[in-house]
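Just so it is clear, none of the values below were taken in a lab; they were calculated from the coordinates. The shown structure was predicted, so the numbers you read here are calculated from the model rather than taken from an experiment. With ideal geometry, Cβ positions are generated from the backbone for all residues, glycine too; neighbour counts draw on all protein chains shown.
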Amino acid sequence: MTNSIEEIEQADVILAIGTNTTESHPVIGTRVHKAITRNGTKLIVIDPRKTTMAERADLWLQPWPGTNVALVNGLINVIIKEGLADTAFIEERTENFEALKEAVADYTPDKVAEITGVPAEDIKKAARIYATGEHSSILYTMGVTQHTTGTEGVLSMANLALVTGNIGRPSTGVNPLRGQNNVQGACDMGGLPDVFTGYQKVTDAATREKFTRAWNVPELPAAAGLKMAQIFAGAEAGTVKAIYVMGENPLMSEPDLNHARKCLENLDFLVVQDLFLSETAELADVVLPAASFAEKDGTFTNTERRVCLVRQAISPRGEAKPDWQIICELANRMGYEMNYNHPREIMDEIASVTPSYAGMDYERLDNGGLQWPCPDKGHPGTPYLHKGKFARGLGRFTPVEYKPAAELPDEEYPFYLTTGRILYHYHGATMTRRVEGLNELAPCGLLEVHPADAAQLGIKDGDIVRAISRRGSITPRVEITDRVKPGLMFISMHFSETAANVLTQAVHDPISGIPEYKVSAIRVEKIN
Amino acid sequence: MPLKMVELTIDGRQVSVPEGTTILEAAESLGIEIPTLCHDRDLIVAGACRLCVVEVEQIKKNLPAACAQPVGAGMVVHTNNPRVREARRTVLELIIANHPLDCLTCEENGKCKLQKYCYEYGVQDSPYEGETREYEIDDSNPFIERDMTKCILCGKCVRVCAEIQGVNAIDFINRGFDTKIGTFYDGELIDSPCLYCGQCIYMCPVGALAAIPSRGLGRDYDVEKVATTCPYCGVGCQLALNVRNDRIVGVTNIADSHNQGYLCVKGRFGYEFVHSPDRLTKPLIKRNGKFEQASWDEALDLVAEKLGAIKAEYGPDAIAGLTSAKCTNEENYLFQKFVRAVIGTNNIDHCARL
Amino acid sequence: MEIFRAHVLVCGGTGCTSGGSPRIKALLEEELAKNGLEKEVNLVVTGCHGLCEMGPLVIVYPEGTMYVHVQPEDVSDIVSEHLLKGRIVERLLYKEPVTAERVPHYGDLPFYHKQERLVLRNCGYINPEVIEEYIGRDGYAALAKALAEMTPDEVIQEVLDAGLRGRGGAGFPTGLKWNFCRKAKGEPKYIVCNGDEGDPGAFMDRSILEGDPHRVLEGMAIGAYAIGASKAVIYVRAEYPLAVRRLHLAVKKAEEMGLLGDNILGTDFSLHIDIKEGAGAFVCGEETALLASIMGQRGMPWPRPPFPAVSGLWGKPTNINNVETWANIPDIILRGADWFASMGTEKCKGTKVFALTGNVQNTGLVEVPMGISMREIIYDIGGGVPNGKKFKAVQIGGPSGGCLPESQLDLGVDYESLTGAGAIMGSGGLVVMDEDTCIVDVARFFLSFTRAESCGKCTPCREGIMRMLEILDRISAGEGRMEDLDLLEKTAHIIQDTSLCGLGQTAPNPILSTLRYFRDEYVAHIKDQRCPAGVCTALLTYYIKPELCRGCTACTKVCPTGAITGERKAVHVIDPEKCIKCGACAERCPFDAIVQA
């Protein structure tokens, strides 16, 4: 997030795009509710489904999945045309506005209405509300990013914020709500093929030089590594021989699971380190038992860039060990000495090689955490980014064009399928399905079907159906609901018995590598 | 805009506070604690329990509630004189006339605000006798027990559910003495729109609402509270794991946090997986398609050997590491360090994208 | 316009309607038609005349002859005698109870002598469903004057100068309240008419709304203009269907004539009035609970401040006055503050409408100048206590009011004096009680009302009223202890001191006032195990006077519990252990030998 969770409450306008906040980030949903009810904040929701957020919204736009870029371009088109742009901000703090202006000129409300299914009048209304807010804040999640055009989706929202000057101030900004507890931290820590910690490029010689010294190795690889999809492709092709998996379950989370399984089966060696014998661990040659969050010290970095302490509450179960200890022991066995007495020492090392974490240590984090960038020990942390100046100087408009999703419904597969989360489960549900009460409240994955489609298919609420895509099929139970519109169905990602990702397609955003989880085409058959 | 300051006297001490401050807040700023059962800093003032009444010399009519009464210039406030104490004692007597005194078995014992104030005001029993409200316990759902016989009708659960969560699963039903907190049509919670965030349990000043998974596992004073970060979504809520005998027996709020103490159903009740019998407790090595338990040395030696061999034969880029959005920063840091510095490849990624 | 030689007014007030006036009206219609008089005689259903005890009432103009207790069989006489032959039907005239003289003229009735009918001026005189009749009585002239000649501040000043105080009970100066709302920031501003008249036996607001709805609308329009409000809500009990219907009709008619709605009387001033029906919760008469109810929430009070003038309906500045307050406004504007202030006492100006009920000759609706004594109301207007019984007490101010004894009857009626005596003005309920009334029972009655009507939000009201009621129950059951009186008093004071809203703060009044004036009667219940009025059954004992008993055995046959024993022709005795005090034996005894003690 460019801004902080706390600031949401003071926004004049919240534009929530592709975020089922009350289910996926419930406590932020609480903030939004408070903003609306206590401070009169206006809420615009863009979501193909009638989520609780949509129900609470002043204005709800219901586009077809995969049309965000067109919709946001449409908003910008209206804002420019109606003179609602923040010309002073554009003048002073941005560049390349003309290119944007040209690019969005075609995205008239009428044309955008045609692409997205959102009435032109609502597009205009939304643009006016967003643009006239003194503090307008954009919240978004995977509804924007899990597309082949996810990067464009994010850029289009950046354009929207820039064109109205809604960035670099409190209660504004472009705010991705990160899905997993430490997805922010995993990225910050260099868990990506092209960067070290703090997004320092592996391709940069000086950076590599710094890390070779810090880590006391003769050299470090200079070329960016393989992304997730490429790793799987490599496994399939036989160029990747071994994978070491720590705390992940790609056989739930990857798209086109049937294919992903084949890739992993092709490996010479698979190590999985986890709490449970997950779908992925079942395929492993060696499984290492890891300690849970409650059994170790450490830190997580949350969606607002806040580094928070994780504290050991109980001893590791059985012989399980914290992941950091396992890594150390393995490194030592492979001839590289890694010795830490406590994670605080690792944090000190992180701070020494990572400018944005440089001011952090466990003593300082003890009091509610710190938000990066925190460049030195005296720095209080940064609640919102881009104050006064962008990292690169001027904010650059990057015009983006709408491109349809990779797979659209056709005669054979006539329904849109979109996927997401529900309140009671988390991600691959390895954890939540082992909480009896949560399982009781949400025991299985439900395929949401609009009453009109259900009537046409001759299916009733609670029926088990076969949902089929070009990749595979699952047999979920049906929930008939108007949360979806006719032609659109939804299923959650959590349940391995009805794994959504059997149906999804392994096509990715070429830049971010994100699979297009949010749009697939399916057909549904009644099971007798 | 600079706030206009108001000067007043509380218990003989001068204080200057911004206009609009309540007497309760002004007293707090002097370190004077005024008892309340229905007040919470994040809820809209209800003025329901009437325990916080104080005497204001300028208000002749009655004893105003400190939680609701804004300060006025020159006010002379008495928070603890005999008249005020008598009123509070009577309010407490009225409450306990309708409250089971089953502290021996109550989950809230030791944390109960009613108990605390009865202790402080020397209220042992009530001079009032008569009808009491008694209801069936609702434990229809996995997480929240509602024992409305213990309810003192402060309304905090109703307000947190409506004002903070926007769920409105419960509200006041019936009137007067027969007032009760209930779901729509006074059904069970399982049939209501409740989303089990458990904020109501946290707000409840007595034992009317309790966390079912924690029942009988230890009272507040039995448990050690370990402040930590929720392992679920990216909000990173701060919470306290309640630990007893090396087990997590519950979760409580940490109010001073970026999540203001609030949690969702997963954060509050989703810890049971830690104690799951499915947990891996020993390293496993697959032999002939079947897993066999192994010692750490065995398992780690095998992994080191295999990775070493593959690196030697095919080069470091034949190995890839998948790090984790669920592990700590320190672990992610070490993992990428391991992949880059020990294996020698940049083939590292994780499922950052969902 | 049609010209009639006579007008026949049939009272359509609550009392007369339940007494059968709709049937009288129908028969009159029939009879007039039969005699070919429908073009000559105008038949009108009016609002309440006040003298409900004598209903159904029929008044014939131009003579102003009032016929009382009119029954269906009387209709043909009224038509054939009075309307055809011009002869007054003597037997239907009001009979003065003392002199037994017949009073032919409406205006000559002693009931009306000491009244000062301002707010009720049109009630019983005009057809409330015809806006022209209201206009014909200077209706909407005050609104025209305010809009044409006065600034909003001048209107407020006029109301301030008049000294009008809220008639809902608390007596807050109306002009001051308006000014708070006028000065508050926020748009739009709302005004609300509180028509949630909940006191048992009260029908002041109902009669005004039913009998002269436009007076209320006009008052609201003037108030809205003064305050700067553009939206208004009338909150009226759903149990008043006629009032609801007439309000809807009145709003529609006034809008059609440009007296409400957009650009009233061609000015920039607009006011839209909505009518919201309340569901019969007493507490919704309390301002903040009423607002909550209008907004669709549970009718529960909220702490003030913020006062509605600052943050009311949907957080906007809102001014609330009750029906009678609004109904006073047009005359104040039209006739001036000085005229209004000439009536009443130094601190309380104008008049007050009371619903006079209980053990009084002329039950009904009366409007009297402030400051009049209760003795005048009860005896001169009300005609005293009927059946030769002695006056015991009067409950003034509804269930939250106080119970005043004979010694307080010369008290002038105004807000301060009543409060000083332990009662309240309330919205104007007056319940007269005679010597057969048990004072503990009276307190129980009112407490059981407030117990049922407490919203349940705050502890003292919810729990405390119940506990006080339980103590009263014990006392009336003969299980009281002397300490109970101290506990009652202490609890009552603390409920007054600590309750959230007016309901709880005033609910102990019946207990405190009866303890103050009738403590002996409580003591008699506790110490002597005796109910002096003979009401509390648990404290009654029946015994057989041996000197009168003939041993006829009639009593033993009716006794349901076999409590009476005795040989035939010998004196019988009642076993007090078995007796359930049903009184059947006393009723049956042919020799009046069985008595209560």
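Start at zero, step by 5 Å, and the Cα-Cα distances of the range C:131-341 spread as 1, 8, 17, 22, 22, 17, 10, 3, 0 percent across the bins. A cut-off under 13 angstrom between Cβ atoms defines the neighbours of B:Pro35, and their net charge, with Lys, Arg +1 and Asp, Glu -1, is +3. Once backbone amide H atoms are built at 1.01 Å from N, C:Leu43 has C:Val8 as its partners under 5 Å, excluding neighbours fewer than 5 places away on the same chain.
Measuring max minus min along each principal axis, the C-alpha atoms of the protein assembly as shown give extents of 130, 82, 75 Å (largest first).
Remark: for residue pairs A:Lys125/C:Lys185; A:Lys34/B:Lys326; C:Lys390/C:Lys578; B:Lys116/C:Lys527; A:Lys518/B:Lys311; C:Lys349/C:Lys392, the C-alpha separation exceeds 31 Å in C:Lys390/C:Lys578; B:Lys116/C:Lys527; A:Lys518/B:Lys311.
Close amide-amide hydrogen proximity is noted between C:Gly358 and C:Val432, each under 5 Å apart and 5 or more residues distant or on a separate chain (H modeled in the peptide plane; Pro and chain starts excluded).
Ordering of A:455-462, A:328-335, C:166-173 by packing is C:166-173, A:328-335, A:455-462, highest average first (other Cβ atoms within 10 Å, averaged per residue). Mean residue ellipticity at 222 nm, helices only, chain A: -9000 deg cm²/dmol; runs of at least 4 DSSP H residues each add -39,500 (n - 2.57), and the sum is divided by the number of residues.
Across the range A:132-236, Cα-Cα pairs more than 20 Å apart make up 59 percent of the total. Shielding of A:138-151 by partners, i.e. mean partner chain Cβ atoms within 10 Å per residue? The per-residue average across the peptide is 1. The local environment of A:Ile129, defined by Cβ-Cβ distances under 11 Å, has a net charge of +1 under the rule Lys, Arg +1 and Asp, Glu -1. Taking a ≥ b ≥ c as the square roots of the Cα gyration tensor eigenvalues, the range A:183-371 comes out oblate, since a/c reaches at least 1.5 and a/b does not exceed b/c. In plain terms, the residue of C:Cys16, C:Cys438 with the fewest other Cβ atoms within 10 Å comes first and the most crowded comes last, giving C:Cys438, C:Cys16. Summing charges over all other residues whose Cβ lies under 14 Å from the Cβ of B:Asp301, with Lys and Arg as +1 and Asp and Glu as -1, gives -3. Going by neighbour counts of Cβ atoms within 10 Å, the residues B:Thr132, B:Thr228 line up, fewest first, as B:Thr132, B:Thr228. Per-residue shielding of A:270-277, expressed as the average number of other chain Cβ atoms within 10 Å of the residue Cβ, stands at 5.
When +1 charges are put on Lys and Arg Cβ atoms and -1 charges on Asp and Glu Cβ atoms, the dipole computed for the range C:131-341 relative to its Cα centre reaches about 620 debye.
Could you tell me which of C:Val571, A:Leu177, A:Gly143 has its Cα farthest along the dipole of the protein assembly as shown towards the positive end, charges placed at Cβ (Lys, Arg +1; Asp, Glu -1), taken about the Cα centre? Towards the positive end, the residue furthest out is C:Val571. When DSSP beta bridges are restricted to pairs lying wholly in the protein assembly as shown, around 55% turn out antiparallel. The amide H of C:Tyr190, built 1.01 Å from its N in the peptide plane, has C:Thr318, C:Asn319 as neighbours under 5 Å, considering only residues 5 or more places off or on other chains.
The convex hull of the Cα atoms of chain A, projected and averaged over all directions, covers 25.3 nm².
Here the translational diffusion coefficient of the range C:541-596 follows from Stokes-Einstein with Rh set to the Kirkwood radius across Cα pairs; for 4 °C and 1.567 mPa s it amounts to 121 µm²/s. If R₀ is 41 angstrom, what is the calculated FRET efficiency for the pair A:Arg392 and C:Phe180, using the beta carbon separation as r and rounding to 0.05? Here the calculated transfer efficiency is 0.15. FRET efficiency for the B:Cys103 to C:Lys527 pair, using the beta carbon distance and R₀ = 30 Å, is estimated at 0.15.
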